[in-house]
Amino acid sequence: MSEATDNPKDSPAQDTQQVLRDWCHELLEALELDNLEVDIDAVLGLAGVAAHSIVRPAAPLTTFIAAYAAGFAAGTGQAGERLAMDSAIDVARRLAKARGDRSGSGE
């Protein structure tokens, strides 16, 4: 394999979804969260709503805070992992959309 194809960012033929799945798996493994299921589309969707409804830098901030809230809820037994993540993403998405609607920048 040539050096250019070793880096997925350099390979236009590389499937973006596969790169994201691989990166997610690698990161979860490194953080010892191997059994955690991540809905990549939901996370990216939330990031998109935050970026377009608030400002672009709100995307990583919003996804981080939603994930933290989900982890806290699951860790304290308030909800199972899936419900905690789905709920946190839903709350963050609704809040970001409402903020965008109020400021006139919502989609």
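A few notes on this one:
- Our estimate of slack between E37 and L83, defined as 0.36 nm per intervening residue step minus the Cα-Cα distance, is 15.4 nm.
- Taking all protein chains together, S103, S53, S87 sort by accessible area into S103, S87, S53, largest first [probe 1.4 Å].
- Normalised per residue, the accessible area of the range 13-107 is 69 Å², obtained with a 1.4 Å probe and no contribution from ligands, DNA or RNA.
- The range 45-86 - percent of accessible surface contributed by carbon and sulfur, probe 1.4 Å: 69
- Coupling constants for the range 37-44 follow from the phi torsions by the Karplus curve (6.51 cos²θ - 1.76 cosθ + 1.60, θ = phi - 60°), and in residue order they are 8, 10, 8, 4, 4, 5, 5, 5 Hz; glycine and proline get x.
The values are calculated or read from the model by the stated rules, or taken from the named source; none is laboratory data. Small disclaimer: the values here were computed from a predicted structure and weren't measured. Only protein heavy atoms, including side chains, enter the accessible area calculation; ligands, DNA and RNA are left aside. Shrake-Rupley method; radii C 1.70, N 1.55, O 1.52, S 1.80 Å.
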